[in-house]
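Worksheet: one structure, shown below.
The values are calculated or read from the model by the stated rules, or taken from the named source; none is laboratory data. This one's a predicted model, so the numbers in the text were calculated from it and none came from an experiment. Note that we place each Cβ from the backbone using ideal geometry, even for glycine, and neighbour counts take in every protein chain shown.
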Amino acid sequence: MRRSSTLSRIGLHATMLVLVVWSILPFIWTFQTSIKFTRDVAAKEPVLWGYETTANAYRAFWLDEDDINMWSVLVYILVVAVVCLILGQIGRRVRHSWPWFTAAVGVIFVALWRFPKVWEVNDEYDFLINSIVVTVLTMLISLSIGLLAGYGLARYTGISGAVILIVALGFRALPRTAFVLPYFFGAKEIDDWLNSSGVGSWDFPLIDFPGIDTLQILDTRLAIVLALVAVNQPFTIWMFRSFFMEVPKEIEEAAMMDGATRLQAFRRVIIPMMWPAIIATGLFTMLLAYNEYLFVRVLAPTEWTLPVAIVSLTGGESSRTITEAAAASVSITLPIVVVIILFQKHLVKGLGAGAVKG
Amino acid sequence: MSTVTLDKLTKVYPNGFQAITELSLTLEDGEFLVLVGPSGCGKSTALRMIAGLEDITSGDLYVGERLLNAVQPKDRDIAMVFQSYALYPQMTVAENIGFPLKLRKIGKRDRHEQVYQAAEILELTEQLEKKPAQLSGGQRQRVAMGRAIVRRPALFLMDEPLSNLDAKLRVQMRADIAGIQRELGVTTFYVTHDQVEAMTMGDRVAVIKDGILQQAAAPEALYENPDNVFVAAFIGSPSMNLYEATLAEADGDYLLRLGDQTLAVPDRVVAARPALRDYLDQPLVVGFRPEDLEDASVVPDHPDDQRLHTEIAVREALGAETLVHFAIAAPSVDSGDPDALDELGDEESSRCTARFSAATRVRVGDRVRVNVSTERLHFFDRKTHLAIRS
């Protein structure tokens, strides 16, 4: 290939720089807003440099007390993050990584559980928990179904398989708004039946959900998860199918000749080859569930997730809530940014072709 | 280790395509049987039926006394080496070889020992901790072998295991695989389209065409006494020359009319094949191998009436021998091998290949006399393509 001239290289870098600034500027602006005092945010001339910083907005959004030193909260979060990173890094290097990854998940769980016991929190903390529960459940269910269905559809070559795939793609192509009302009314029908038949208020002997008196669908995390799984499923099935198509059939045949059942061949030979695909598909599913606004707003009038909570802050005229909305935006974006940075290598690997070829 | 019996195995695909028709074969304990045939002849289907990866439409498959038709692949006690090796990319060489043992819940210590033994046989001990992607083609092939031999199965199946290797390595692995098989004494069913592999490796070679078994015999027997035109043409390289000809009797001597030439056929050749007398003055198929032809100037003391007269069209000096091609004015015979090169001939004349000794001085365009070892002629029925013998 001909070596590009200095001029064209400068041009290329300049273009990239403009694009980077263009994409990152709104985020920087939001971050600045979140750490300013209200007077600087509301100033007639934008205060870009040398303003006094504060964590008031973060405190106001998350916590129910005014006299907490936000440094202690930051240290708490950083300690948890560093412990998890260390566990994760150990897990990546040792032979049996599952105990380490499980430990990291456990640390996050304990940290989230202890946080409200240490500091008084606002309702928004519940919305964070909702966000996490909805995201994790949607990922687990979507990936499990997607893996099995994608595998089946990759190996089955009959006409009905093709029909299923094309129908799935068609549903994926429809606008999300088209599904919201049917889901809402469907859920409402079920709730009405649960109420009128009395099933909803049965006292199940073994299943005892704390804080839940009656069974219902609307306004629960379950409703959000079910709806998100349904709209996301075509995507995961197509993704996994295309990855499974790249796994030569001989590999599972070899496993079966070696003495494995079909399920053992799938679990012990095929799945380990699929990790890049699982991570890539998982990240996309995570983004979808974590960022979902419309379904949550309609199906769960009070059990919000964070995007809905933020929007409720930006509607007002008060500049105080603007700093709060900025603080909320930053704090819900950061975990996602961290996860993406951690997994971006796998993401590229998973999206690149031939990732699973031997 | 046991005998394997295929009794009228038949495979018909759902779309009606009949891949295998009543294949019957018996493999003796410890025998190395090679199933050879042109591409698309159903040989891999036969192998996959034995493996359990394809259903058997009809017929029975026994290993020892056990009927395997409805047994799951994992329970058949059969190991298979795939053409693509099908190694598990995320596992090390040791884990790949040990996988069948792990599935059989063999303890870690025993497993390591058996994997190491297999690796020693295959000279893989240095590579045990590497991943398949770090290995060369030949090493990957040996890992696939290792996965098969580590569990000492009743039967090895090998599906063209050498076809992804380069020519030099293939020759070496050919000998290695045959050696390992002899050492372990495991009954082996080996599929290939390469007749050289079949001839060099097999205790017995079964030739198959269009899903129908043509002949199963020891390599020498297959070469010396092919049952039909297809086997005659398929086994041997370069192929046997096959033409339509007529055998006539004149004054008590037998003459073979091959186009515009005649060859004297000694009495004992006909005497050894009594049935040949029924074909007198009728068209039949005659075949002679390239090595049964020789430059008359190299071997001058050959009966003059057992010579062909022709003009050299192509000459290929291979060092130890020289291949020459010339035209014979007789119609050639289609052996039915789809892989065979199209004959460079027409209705009246066809190509003939001869293997001359290196001492020959013939040049392209020379008019030469070619000695024919008439003792070694092969005769076949023109319609049925079956050998004319007794």
Condition (residue is touching a helix residue (DSSP H, G or I) at 6+ places or on another chain (Cβ under 6 Å) and either at pLDDT below 90 or part of a loop (DSSP other than H, G, I, E, B) (or both)) applied to the stretch A:283-291: is it met by at least one residue? no
Farther than 26 Å from residue B:121 by Cα and modelled with pLDDT under 90: does that describe residue B:39? yes
Residue pairs within 7 Å by beta carbon, gap of at least six or interchain, first lying in the stretch A:323-348 and on the phi < 0 side of the Ramachandran plot, second not in a helix (DSSP H, G or I) and not hydrophobic (A, V, I, L, M, F, W, C), listed first then second, are A:323/A:36
Looking only at the stretch B:97-112, how many residues end up being under 35 Å from the mean Cα position of the chain (by Cα) and either touching a residue at least 60 places away in the same chain (Cβ under 8 Å) or more than 7 Å from chain A (Cβ to nearest Cβ) (or both)? 3
Out of B:26, B:57, B:92, report the one residue that is of a type in the set (Ser, Thr, Tyr) and within 14 Å of chain A (Cβ to nearest Cβ). B:92
List pairs: first in the stretch A:216-241 and free of Cβ contacts under 8 Å to residues at least 60 places away in the same chain, second surrounded by 19 or more Cβ atoms within 10 Å (Cβ to Cβ) and not aromatic (Phe, Trp, Tyr), Cβ under 7 Å, 6+ apart or cross-chain? A:216/A:191; A:217/A:187; A:217/A:191; A:217/A:223
Out of curiosity, is residue B:94 surrounded by 15 or more Cβ atoms within 10 Å (Cβ to Cβ), of a type in the set (A, V, I, L, M, F, W, C) and within 30 Å of the chain's Cα centre (by Cα)? no
Reported set for the stretch A:56-70 where residues are in contact (Cβ under 8 Å) with a residue 60 or more places away in the chain and either closer than 16 Å to residue A:31 by Cβ or in contact with a strand residue (DSSP E or B) (Cβ under 7 Å, 6 or more places away or on another chain) (or both) is A:56, A:57, A:58, A:61, A:62
Return the residue satisfying two criteria in turn: it lies in the stretch A:318-358 and is at pLDDT below 65 and within 11 Å of residue A:280 (Cβ to Cβ), and of such residues it is nearest to the other protein chains (Cβ to nearest Cβ). A:355
More than 23 Å from the chain's Cα centre (by Cα) and modelled with pLDDT of 90 or more: which single residue out of A:118, A:75, A:80, A:107 fits that description? A:75
Which listed residue is farther than 30 Å from residue B:280 by Cβ and surrounded by 18 or more Cβ atoms within 10 Å (Cβ to Cβ), from B:212, B:180, B:235: B:180
Within the stretch A:243-266, count every residue that is under 34 Å from the mean Cα position of the chain (by Cα) and in a helix (DSSP H, G or I). 11
Residue check: is residue A:269 assigned to a helix (DSSP H, G or I), of a type in the set (A, V, I, L, M, F, W, C) and more than 14 Å from chain B (Cβ to nearest Cβ)? no
If you take the residues in the stretch B:223-267 that are charged (D, E, K, R) and in contact (Cβ under 8 Å) with a residue 24 or more places away in the chain, which one is farthest from residue B:287 (Cα to Cα)? B:249
Any hit, the stretch B:69-90, residues being assigned to a helix (DSSP H, G or I), hydrophobic (A, V, I, L, M, F, W, C) and surrounded by 16 or more Cβ atoms within 10 Å (Cβ to Cβ): no
Can you tell me which residue among B:178, B:221 is over 30 Å from residue B:114 (Cβ atoms), away from every other protein chain (no Cβ under 14 Å) and among the hydrophobic types (A, V, I, L, M, F, W, C)? B:221
In the set A:21, A:47, which member is surrounded by 10 or more Cβ atoms within 10 Å (Cβ to Cβ) and not in a helix (DSSP H, G or I)? A:47
So residue B:136, is it surrounded by fewer than 22 Cβ atoms within 10 Å (Cβ to Cβ), within 32 Å of the chain's Cα centre (by Cα) and either within 13 Å of another protein chain (Cβ to nearest Cβ) or aromatic (Phe, Trp, Tyr) (or both): no
When the residues of the stretch B:113-129 are narrowed to those that are away from chain A (no Cβ under 13 Å) and part of a loop (DSSP other than H, G, I, E, B), which ends up farthest from the chain's Cα centre (by Cα)? B:128
